[in-house]
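The values are calculated or read from the model by the stated rules, or taken from the named source; none is laboratory data. Values in this document were obtained by computation on a predicted structure and should not be read as measured data. Positions of Cβ are generated from backbone atoms using ideal geometry, with glycine treated the same way; all protein chains shown enter the neighbour counts. Quick note on the areas: whole protein, heavy atoms, side chains included, nothing else; ligands and nucleic acids left out. Shrake-Rupley method; radii C 1.70, N 1.55, O 1.52, S 1.80 Å.
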Amino acid sequence: MIAAQLLAYYFTELKDDQVKKVGGRSDSPGSSALRSLDSLVHLRGVDYACVPAAPAKIRPMTCPLTPVEWTPEAEGMLRRGADGVGRADHGLCSAGGLHVMQWGGPGSGAQTLSSARAEQAVLRDRCQWRDVLTFDLSLEGQERAGELGREGRAYQMEIDKYLYAMRLSDETLMDIMARFKQEMRNGLSRDYNPTAIVKMLPTFVRSIPDGSEKGDFIALDLGGSSFRILRVQVNHEKKQNVHMESEAYAIPENILHGSGSQLFDHVAECLGDFMDKREIKDKNLPVGFTFSFPCRQSKIDEGVLITWTKRFKASGVEGADVVKLLNKAIKRRGDYDANVVAVVNDTVGTMMTCGYDDQHCEVGLIIGTGTNACYMEELRHIDMVEGDEGRMCINTEWGAFGDDGALEDIRTEFDREIDRGSLNPGKQLFEKMVSGMYLGELVRLILVKMAKEGLLFEGRITPELLTRGKFETSDVSAIEKNKEGLQNAKEILTRLGVEPSDDDCISVQHVCTIVSFRSANLVAATLGAILLRLRDNKGTPRLRTTVGVDGSLYKTHPQYSRRFHKTLRRLVPDSDVRFLLSESGSGKGAAMVTAVAYRLAEQHRQIEETLANFHLTKEMLMEVKKRMRAEMEAGLRRQTHDKAVVKMLPSFVRSTPDGTEHGDFLALDLGGTNFRVLLVKIRSGKRRTVEMHNKIYAIPVEIMQGTGEELFDHIVSCISDFLDYMGIKGPRMPLGFTFSFPCKQTSLDAGILVTWTKGFKATDCVGHDVATLLRDAIKRREEFDLDVVAMVNDTVGTMMTCAYEEPSCEVGLIVGTGCNACYMEEMKNVEMLEGNEGLMCINMEWGAFGDNGCLDDIRTEYDRLVDEYSLNSGKQRYEKMISGMYLGEIVRNILIDFTKRGFLFRGQISETLKTRGIFETKFLSQIESDRLALLQVRAILQQLGLNSTCDDSILVKTVCGVVSRRAAQLCGAGMAAVVDKIRENRGLNHLNVTVGVDGTLYKLHPHFSKIMHQTVKELSPKCNVSFLLSEDGSGKGAALITAVGVRLREEASS
């Protein structure tokens, strides 16, 4: 019966190698491409096609073997196929042989069509088919076709009433996918979640397994009519070896529908029995609890049941924490203890199980008795959970999709009847359309309806057929098997007492196909929405991911997974998805979640223990301030100056600018790998202006670490080029030299280099007057002459630049490649110089603070490593804890250690990470930016050859934050000592002072300045300190000092 219509659906099940291309006669039994189909319908005389949605002209074509004669009825059937989106109708040919059909849309010309891909043809959406299937014939098949064709067409209109609405086009599926994507957004939103149908529940599972998990765990799996307990032993040292033993325990119907205490007493009793048999009651093993029902969680070891599903109706559980209920039941027994570490959904368990084998797995899918999915969502999108760093597994609870009526347009009368007869009417409507608990019942209801209308079983209806649950989803799977499906149908229907004919078996198989196919299509649409969200979250044009999948329907139905995968590929073509079948997913998965929780807890403890060495309390910072003050005093006193590590060098700058400075000045700026020459034009008067022109020159490493003569000859060569560039080589100009290295100045224009820093190692410079070395190099050049008026430290230049704008500026601070400070000290306290009147700027050279061991109690093993491999080991220890030249290196050493300990990058240390200096401090500033998503952090790490996971990125960001915070606090403690000294010098109860600041770390790091300011405020509450950002302190400042020097010199001579 109705064979003409049914064949279309059977053709969708043909594998590629079962479909024949057009060409040549092929009607011998031995060459049949449809041998398997012969046992179903005995038809080998069918040409199959579906007409495009656009009007098409169909005309016969003479085949070399047999002409094709299409009857008006056949053509009408083909055209009716265009009316139903996604339908697959066909016509029966009145003649035997091999046939080809031609069609063409308006203006397209005739096209000869054939296909070796029947599935794609039949499933292509909106009936825009481009394929025709051609099959060989047998005489028996021709006779059978003629016999059944007319009657089949007669039944077509009748059966459409039952099955048409279950055939979903790709257009409809895309629409469902968009609807579900919106439901996901609603569920994640704080504003819409209370009324959202798809609840998008946070699971507090923040990480998938990384393969390093180990231990002995108990897993409880409660989610169906039986309850499983597993012992899972994990040993990562033996290639991720997992040993499991499990036992299933029945849950009687009276307990399923009894009280909550009865249910959990039963679980506790089963757990006790399991432990008794294995003699592990005294081990107190950590327990993972798979509880496969919608729960709301605020932490990983809590689960408040929202609603029962899957026929469970135990009273007093909804709204309660199931972990507490289980713990109470265990305590009531009193014969063993259990530590429930994590409660998870079976979907999450599936993802975690597969994640242990494939660390790209970030989606879990269940298609069995029930259906659900989970996936790893960006924490920043989960409004219901605090924080925005990292990811968290979201249990979608998609079974409730449509409970608000969103799927009413695709639900059928049979779906509504299923719902009315369920334990939870109006709820889990999507699940009732797709899950194994309901598919068999859907088919039964359709069969009853068809039988009542005389379309099946000659109208016979038996008590068995009318009994709910008598037709199970396992029967659907058996009937849809390729070879024995019809025989299975006959046996199953006979069991139901309906005495089926062969045609009845074919029809029932057809109904099963349509019902299960709809399920696969709907699940593909909702999973497609999740994949699109993952792709959008990652900002990648093509998604590559793994989906862990479990469930009896997916595993045991002979066609389900293939149909599901193909539909998904069409709906989300820009995704490469691997499906990984879970083994004992819900049970092993709970153990994996527990193992991950234990691993993360242990790692977290060790990480916190390590990073705690970088946390400085207020008391510790006050001690640093106190020690800095003591070192300052030692540097200022004559008797202790030589041994002092903080040298407190007089700069011979006795005055800040007063606004009368005027003239053109050259400035040199040497303090790093680049060297600048500047022309600074200062104009006084009512509208004071400073105009600057500069050019930057590189200093090669071989010159930085060569001889002093080579270094200063290079500097003079750069000056000569600049004078030519500006066209000012001629008159003897006043020059200020910013020389950003520790110098002991004997006058404003003379300074003895104390030591090189920042990677410089030029010979024959330390212990020599730098201004003299410059003058000698100018003389050797014999091209021009310059008046070296001032030798300036960049910190002093910064202070002078800011003081030109703000007269209250009396402190300078540099926090960049290096770190240093200066301030205006009372002359009476500067014992190294004669005179007690007035002020003098003191270049502290505080980078050497701690070189005498006074900071050893707060230095870490990583600080010691950075110092040990630096060019000036044992020197500038305070600077090495603060400045931009070293922070990245501190971070790199921590990352190497954490990787060796398995906390990062799966324990794999890249060659890049081994390279000293590769982790530049600018990366800290970028990584710690509040605006930078973890995806961008991963991109930065990838540039460094570090293939990081989301968890890796979070930890790297944490390490960067800890290191930079300590740096800012230490810098703040030093500055607090300086401003308090100024206040006490002047005998003030309260001081208002401005600090001029320069340096890339201070300017560019997103948090450094704020933390430093807060530290100064906390440690020096009697000082109101303002910070003024310097604009080119080392260049403009040098010119201003030179201008002040010229002014003072002129005043003295007059």
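In loop segments of the range 887-973 as defined by DSSP, the GluC sites (Glu not before Pro) with at most 10 further C-beta atoms inside 10 Å of their C-beta are Glu911.
With a 10 Å radius around each residue's Cβ, average the other Cβ atoms per peptide and rank 858-869, 371-382, highest first.
Working: 858-869: 17.5, 371-382: 23.3.
So the peptides 858-869, 371-382, ranked by packing, come out 371-382, 858-869.
Per residue, how much accessible area does the range 397-539 show when a 1.4 Å probe rolls over the protein heavy atoms, in square angstrom?
Values: 4790 Å² over 143 residues.
For the range 397-539, the solvent-accessible area averages 33 Å² per residue.
Taken as Cα centroids, the range 524-550 and the range 382-403 sit 15 Å apart, rounded to the nearest whole angstrom.
Expressed as a whole percentage, what fraction of the accessible surface of the range 653-791 belongs to carbon and sulfur atoms when a 1.4 Å probe is rolled over the protein heavy atoms?
Values: 2940 of 6130 Å².
Carbon plus sulfur share of accessible area: 48 percent.
Assuming charge only on the beta carbon of Lys and Arg (+1) and of Asp and Glu (-1), the dipole of the range 341-414 about its Cα centre is about 240 debye to the nearest 20. Rounded to the nearest 20 debye, the dipole magnitude of the range 1003-1054 is 180 debye, with +1 charges on Lys and Arg beta carbons, -1 on Asp and Glu beta carbons, and the Cα centre as origin.
Taking all protein chains into account, the per residue accessible area for the range 188-257 stands at 45 Å² (1.4 Å probe). Net charge within 12 Å of Leu773 by Cβ-Cβ distance, Lys/Arg positive one each and Asp/Glu negative one each, not counting Leu773 itself? Residues near Leu773 contribute -3 overall. Checking every one of the trypsin sites (Lys or Arg not before Pro) in the range 949-1035 against DSSP loop status and a limit of 11 other Cβ atoms within 10 Å picks out Arg986.
For the range 238-299, state which chymotrypsin sites (Phe, Trp or Tyr not before Pro) are in a DSSP loop and have at most 16 other beta carbons lying within 10 Å of their beta carbon. The partial results should precede the final answer.
Details: sites: Tyr249, Phe264, Phe274, Phe289, Phe291; in loops: none.
For chymotrypsin sites (Phe, Trp or Tyr not before Pro) across the range 238-299 that sit outside H, G, I, E and B with at most 16 neighbouring Cβ atoms in 10 Å, the list is empty.
Here the 3J(HN,Hα) profile of the range 763-777, calculated from phi with Karplus coefficients 6.51, -1.76 and 1.60 at θ = phi - 60°, is 7, 6, 10, 4, x, 10, 6, 5, 4, 5, 4, 5, 4, 5, 5 Hz, Gly and Pro shown as x. Using a ≥ b ≥ c from the Cα gyration tensor of the range 301-420 (square roots of the eigenvalues), is it rounded, prolate or oblate, where a/c under 1.5 gives rounded and otherwise the larger of a/b and b/c decides, a/b for prolate? Oblate is the answer for the range 301-420, as a/c is 1.5 or above yet b/c matches or exceeds a/b.
How would the range 812-853 be classified by its alpha-carbon gyration tensor: rounded, prolate or oblate, with rounded meaning a/c under 1.5 and the a/b versus b/c comparison settling the rest? Taking the square roots of the gyration eigenvalues as a ≥ b ≥ c, the range 812-853 is oblate. The length gained on full extension between Glu608 and Thr556, counted as 0.36 nm times the residue separation minus their Cα-Cα distance, comes to 14.0 nm. Put the Cα centre of the range 855-898 next to the Cα centre of the range 749-810 and the gap is 28 Å.
Using the Cα gyration tensor of the range 885-958, with a ≥ b ≥ c the square roots of its eigenvalues, what is the shape: rounded (a/c below 1.5), prolate (a/b larger than b/c) or oblate (neither)? All intermediate terms of the calculation are to be shown ahead of the outcome.
Working: a/c = 1.62, a/b = 1.13, b/c = 1.44.
Taking the square roots of the gyration eigenvalues as a ≥ b ≥ c, the range 885-958 is oblate.
In terms of packing, defined here as the mean over residues of other Cβ atoms within 10 angstrom, the peptides 544-555, 594-605 line up highest first as 544-555, 594-605. Of the heavy-atom accessible surface of the range 991-1054 (probe 1.4 angstrom), what whole percent is carbon and sulfur? Solvent-exposed carbon and sulfur of the range 991-1054 make up 50 percent of the total. Across the accessible surface of the range 383-496, with the other protein chains kept in place and a 1.4 Å probe, carbon and sulfur atoms take up 47 percent.
Just the accessible area per residue of the range 612-695, please: how many Å² with a 1.4 Å probe?
Details: 4180 Å² over 84 residues.
Spelled out: the 1.4 Å probe surface of the range 612-695, per residue, equals 50 Å².
Backbone phi angles across the range 367-383, fed through the Karplus curve with coefficients 6.51, -1.76 and 1.60 (θ = phi - 60°), yield HN-Hα couplings of 10, x, 3, x, 9, 6, 8, 9, 7, 8, 9, 5, 4, 5, 9, 9, 5 Hz in residue order; Gly and Pro are listed as x. Distance between the C-alpha centres of the range 565-638 and the range 173-203: 30 Å, rounded to the whole angstrom.
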